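Before any comments, here is the structure.
The numbers here are math on the coordinates, done by the rules we state, and not lab data. All figures in this text were calculated on a predicted structure; none of them were measured in a lab. As a convention, Cβ positions derive from the backbone with ideal geometry for all residues, glycine included, and neighbour counts pool all protein chains shown.
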Amino acid sequence: MDIEDFLELTKRTECDCTCVGTTYELTPESQREDFVDVATEIGDRRLKYAKQMESEDNLVTAANFYLRASACYRVADYGLPGITDEKLTVYKKLVSSFQNYLRLGPDNVSVINIPFEDKTMEGYYGIPDNCKPDTPVLVFIPGATGFKEENYFIAHYFYDRGIPFIIFDGPGQGTSLYFKQMYLGVDNYVSAVKNVIDFVRADDRVGDKVALHGISYGGFLATQAACALNDDICGVISRGGTDKTDTLTKHPWAGQENFYLSGFLRKFNVDDLETCSKMSSAQDITDDLHKITVPLLIIHSHEDPILGVEGAKRIYNLCSSTDKYYAEFPGNTHCVNDQNDTASALAADWMGKRMLNR
């Protein structure tokens, strides 16, 4: 979020972050407004202003305000459980605002649709200027809640280093889940990644290999795909990931056991927690980790409150890669998001050099 929007949202719903001193001034409970309503209202204002700026041919400003609107809708979406009409309305604004930002922005990024089963997965495909036609492509895999718009700028670190990227919503994620009813199975995300690889291979502007980069639950999905598709890829990054979905869905957090399990009901398209639990437990790739031989980078907090550290260490220890690095960051923020710039640059520098030197 833009800091201006963050400060307004926080002041109207929680506390005044602009104060100078040793403490923040809490907003009186009687004056606190609904988080979703405020975030959506700010987003609507930014969107209106973006359209005005575009009509006046102030395109840089318009692009910025489209992006600001998208970010506001993104945090509003986090406050809307379930797939409701309100959530779908907010999410449509999120995606359209973001795509307007891309349309007016300075980068060579296009909206793509990748075939999967009898539908298509929406994604963003960036190819830097002067990209050599044999350059591998970074394929970024979002997680359980942060989808392609939220994680776009982490993938963009590779673009800044001359490496093309694709970030997409696979089954159980973002637009694929909300608008196309594409659900996650025990292992169907592997097929989704294979279709992305086939899409890359059909494009003679880029090379025919990809490196996979997954964040949070996407770290599991990327590693699962790497186990099955090792010969089709040239590297894999797991940031805040694991080798067992149970370490996410059944990890206690905020004083609640199995905190994320119910959130997978809609991803798996099941109605009961027992079936959901069985599908989660079936997503276990520990015994297949030895199949990974490509360069491997693990990025993980010293203590991850959402899914712990054991899964990340198993990936590192059990894979067969001879070129691998475990980057442990101090603290306990999930996916090292409190040190995002440092972690994202490390990923792009470490894996980017290996991709470009193939």
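Here the relative contact order of segment 99-257, from alpha carbon pairs under 8 Å that lie six or more residues apart, stands at 21 percent.
Between the amide H of Gly172 and those of Leu177, Met182, Tyr183, Leu184, distances stay under 5 Å, these residues lying 5 or more places away or on another chain, with hydrogens modeled in the peptide plane.
Sequentially through segment 138-146, phi angles give Karplus couplings (6.51, -1.76, 1.60; θ = phi - 60°) of 7, 9, 9, 10, x, x, 7, 9, x Hz, Gly and Pro residues having no value and appearing as x. For Cys15, the residues whose modelled amide H falls within less than 5 Å of its own, excluding neighbours fewer than 5 places apart on the same chain, are Thr27.
For the pair Thr322 and Lys353, what calculated FRET efficiency results from E = 1/(1 + (r/R0)^6), where r is the Cβ-Cβ distance and R0 = 22 Å, to the nearest 0.05? Once the sixth-power term is evaluated, E becomes 0.85.
Its DSSP H runs of at least 4 residues, each contributing -39,500 (n - 2.57), put the calculated 222 nm mean residue ellipticity of the chain at -14000 deg cm²/dmol, to the nearest 500. With both residues required to sit in the chain, DSSP beta bridges show an antiparallel share near 40%.
Per residue, the average separation of C-alpha pairs within less than 8 Å and at least 6 apart gives the chain a relative contact order of 11 percent. Ordering Phe165, Gly214, Val336 by Cα displacement along the dipole of segment 108-356 toward the positive end leaves Phe165 in first place; charges were set at the Cβ atoms of Lys, Arg (+1) and Asp, Glu (-1).
Tell me which aspartates and glutamates have Cα within less than 13 Å of Lys313's Cα, excluding those fewer than 8 residues away on the same chain? The reachable aspartates and glutamates, counting only those whose Cα sits under 13 Å from Lys313, are Asp243, Glu303, Asp304, Glu328. Within the straight-line cut-off of under 19 Å between alpha carbons, the lysines reachable from Lys209 are Lys132, Lys194, Lys291, Lys324, Lys353, sequence neighbours fewer than 8 places apart in one chain being disregarded. For segment 236-250, 3J(HN,Hα) computed residue by residue from phi via the Karplus equation (6.51, -1.76, 1.60; θ = phi - 60°) reads 8, 10, 10, 10, x, x, 7, 10, 9, 4, 4, 5, 9, 5, 10 Hz, glycine and proline entered as x.
Here the relative contact order of segment 187-342, from alpha carbon pairs under 8 Å that lie six or more residues apart, stands at 22 percent. In order along segment 341-358, the phi-based Karplus estimate (6.51 cos²θ - 1.76 cosθ + 1.60, θ = phi - 60°) of 3J(HN,Hα) comes to 4, 5, 5, 5, 5, 4, 4, 5, 6, 5, 7, x, 4, 5, 5, 6, 9, 4 Hz; Gly and Pro are listed as x.
The residue among Thr61, Ala71, Val36 whose Cα reaches farthest toward the positive pole of the charge dipole of segment 1-151, with charges on the beta-carbon of Lys, Arg, Asp and Glu, is Thr61. Close amide H contacts of Ile141 (hydrogens built in the peptide plane, cut-off under 5 Å, sequence separation of 5 or more or a different chain): His213, Gly214, Ile215.
In the calculated pair distance distribution of segment 103-237, what percentage of Cα-Cα distances lie above 19 Å?
43
Principal axis extents of the C-alpha atoms in the chain (largest first, rounded to whole Å): 57, 49, 45. Its Cα centre serving as origin, the chain has a Cβ charge dipole (Lys and Arg +1, Asp and Glu -1) of approximately 780 debye.
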